[in-house]
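The values are calculated or read from the model by the stated rules, or taken from the named source; none is laboratory data. Note that the structure is a prediction, hence the values are computed from the model and not measured. Reconstructed Cβ throughout: ideal geometry from the backbone, glycine too, with neighbour counts over all protein chains shown. Quick note on the areas: whole protein, heavy atoms, side chains included, nothing else; ligands and nucleic acids left out. Shrake-Rupley method; radii C 1.70, N 1.55, O 1.52, S 1.80 Å.
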Amino acid sequence: MTAPSATSFDIREIPFSRRGSWLDISPVVALHTVREKLHLVSHKTGMHAIFVFEPLQNGAPVDTVVDATPTTLRWSTPEGEIEAVFENNSVLRLRGRSAELRIADATPELTPFTGTYLYTDPIDGAAVFTSYETGRRYRITAISGSLAIVGSEALGAGARAVTASGSEWEIAIEEFDAARAPYRATGSFDDAAAAVAAEFDNYVESIASWRSERTPGVSAACYVLWSATVSPSGFLERESIFMSKHWMDKVWSWDHCFNALALAPGLPQEALDQFQIVFDFQDASGALPDSVTHSEVLYNFVKPPIHGWAFRKLRSTLEAPLERQTLTDVYDSLVRWTRFWLDRRRVTGHVLPHYQHGNDSGWDNSTTFDHDRVIEAPDLAAFLLVQLEVLAELAAELDRHSEAASWNSEADAVRSALLDLWNGDAFVAKAPLSGRESKTSSLLNKLPIVAASHLPAGTIETLSARISEHVTEFGPATQLTDSEEYEADGYWRGPIWAPSTAIIEDGLRRAGQAELADLISERFRRLCERSGFAENFDALTGEGLRDRAYTWTASCYLTFAREAEERESTR
């Protein structure tokens, strides 16, 4: 089997980075913005392009062929080549042979509050760029060869660039705060590349030792996860996996659950950190933030309470039992999160809580929200029901028996209210004041299958049949493809998404609908192996849409693949 670190990928779809770094190299520089040339991009204080990389031959721009693996990025020119490797989280090493590299400021102008200032450090001759956008410094040091610096100490508009040249040359680019000792290479470029290869291969072995020829997408999926991981910095005090090192460079308060599930088999502590990261920002009401990143925490929306479901699934994957203190911490966090929904999101006299907008559900523009944005939704009721059940189990395990009884009583009430949303053919959402019912053509209305153990057999059979109507050649479309509202690239109004697929598949399996669950798992895995790990996919063509390097897609593929391999091994 080929070493995972030898896996190649398309730099125009997946950025070149490494675990822990806040930097990447990519032509993607902003929301839906792709440049012709590759850029060095930082994700501190947001997504900001720092440098433009322009390979030269004899001083003139030249066409190149770009190849990338988890270890190295290579520009091949007609007469030479340039290579890059991340020496560590904050240092990028580049070397060239028979080719030069122009490294230019990506911002067009320096103003008192924007842009990048360049100066030549009088201590060691390095070129130092200081960025208003990231609030960080970027130092370019020659290890061998020469540097030509243009625009040093210039103000306003004008070129600011460094060109590395020589028959063979090597440089280091560092990102740091206010000061750092002059750069000194402690090993060779090849040493750095070998260390990255070993680190990535070990990562893949840790979380996917079960891989086989039946799971050809594993290495690429692991790279999407590994390369989108950032070290603690800014608001984030734990190692965190972003949705992407493209423009979705945040942790959202349900996305993180799927990434935690992928890590759990071989990296249990990292999985728990990933699960708990958003609970570090739980507010006084118990609400979780919508999203967190380096310098921003947003509370204007929340996300659905899938955390009880996710923790139960995560825990079942771990090889060793969790310590009592960890269970207590998770229990207390889930209690506060659950009380938010029960205390802050229920109309007086109502059993079920409500969403205030589609964003609260994670299904931003689902057709379930077409009539009303404020709704008591069946998916919310089902997630809460599962979470109450998990709380009751944890309370009993922690010898909090009166609390367990209270959670079970609350669960009984929510179960009854959930079943009141069943109209005999589908689950509906209702506006809490008018009682107006939602449309039922969205897959969101079928998510109560996640609470299968609480549903009558007849409801499960009908619900499973309705789910099957969403399943295309590639998986479950989020909107019925023959409905008038279906949109091929309509976000949650048609495309296939990883989280909805994972929740539906798990619910069907728990409901005893193994054949349909197997079909959905198999089709989604083949979709990822064919179209990569996009944010979502065209339900009828399988084309990857939007962000093309999305971690929860990669994580769901890894979870599906592992579970399929486990089923295969027991046959």
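Table for the structure above
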quantity	calculated
Nearest-ten-degree value, helix 401-419 long axis tilted from longest Cα axis of the chain	80 degrees
Charge-dipole axis of the chain as Lys and Arg at +1 and Asp and Glu at -1 on Cβ define it, positive-most pick from Ala395, Pro305, Gly266	Ala395
Protein accessible area in the chain, 1.4 Å probe - carbon and sulfur %	48 percent
Share of pairwise Cα separations in the stretch 303-570, more than 34 Å, in percent	16 percent
Net charge dipole size for the stretch 303-570 [Lys, Arg +1 and Asp, Glu -1 on Cβ; Debye, nearest 20]	520 debye
Electrostatic dipole magnitude of the chain [Cβ: Lys, Arg +1; Asp, Glu -1; Cα centre; debye, to 20]	420 debye
Within the stretch 86-114: backbone nitrogen closer than 17 Å to the Val150 label point (7 Å, Cα to C-beta)	100-110
Charge context of Pro495, other residues only, Cβ under 10 angstrom, K/R +1, D/E -1	-3
Ser483-Asp343 pseudo-label distance in nm [points 7 Å out on the Cα-to-Cβ vector]	3.6 nm
Burial ranking of peptide ranges 89-96, 328-335, 497-504 (average Cβ count within 10 Å, highest at the top)	497-504, 89-96, 328-335
The stretch 73-177 - convex hull of the alpha-carbon atoms, volume per residue in Å³	102 Å³
Formal net charge of residues neighbouring Gly424 (Cβ-Cβ distance under 14 Å; K, R +1; D, E -1)	-3
Solvent exposure of the chain as accessible area per residue, Å², 1.4 Å probe	37 Å²
Between 0 and 90°, nearest 10: helix 307-317 axis offset from the chain longest Cα axis	80 degrees
Reduced Cα scattering model of the stretch 377-520, Debye log10 I(q)/I(0), q = 0.14, 0.17, 0.19 Å⁻¹	-0.68, -0.94, -1.11
Helix 551-570 axis, angle to the chain major axis (alpha carbon atoms, nearest 10°)	60 degrees
Amide H within-cut-off set for Lys439, under 5 Å, with H built and near neighbours excluded	Asp370, His371
Built amide H within the under 5 Å cut-off of Thr472, gap 5+	Ala477
Directionally averaged projected area (convex hull, Cα atoms, the chain), nm²	27.5 nm²
Over the chain: helical MRE at 222 nm, DSSP H runs n ≥ 4 each giving -39500 (n - 2.57), nearest 500	-10500 deg cm²/dmol
